[in-house]
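To keep things clear, I will list the structure first and then write my remarks on it.
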Amino acid sequence: MSSNANTTATMDSIKKKMQSMKLEKENAADRAEQAEIAQKDLEEKVKASEEEGNSLQKKIQQIESELDAVQEQLAEANAKLEAKEKIATDVSLLN
């Protein structure tokens, strides 16, 4: 009978260990699923950030181009102003 009791105790121990391992497996699967969801969320945020960065880079290039054009216009306007000031000075010296 003690052999039967030992066998039963051993079987109970094995069942408890199997239940414990099953619970560990389920918990690990849940954590893996949560990690996958978190990874997808982060990947989406990275993609959105990259798109925003690209958009901002395009805006910067556009603004730099506009700045170059305005600086050229300013240089032309200054050159015209200097020419007119010289003409005005020359005319005032003649009078």
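No value in this document is a laboratory result; all are computed from the given coordinates. Just so it is clear, the model here is predicted, and its values are computed rather than measured. All Cβ positions, glycine included, derive from the backbone under ideal geometry; neighbour counts span all protein chains shown.
Overview of values
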item	result
Charged-residue dipole, Cβ positions (Lys, Arg, Asp, Glu), the chain about Cα centre, Debye nearest 20	900
Hydrodynamic radius (Kirkwood) for the chain, which is based on Cα pairs only, to one decimal in Å	21.7
Karplus-derived HN-Hα couplings along the stretch 9-21 (A = 6.51, B = -1.76, C = 1.60, θ = phi - 60°), whole Hz, x at Gly and Pro	5, 5, 5, 4, 4, 5, 4, 5, 5, 5, 5, 4, 5
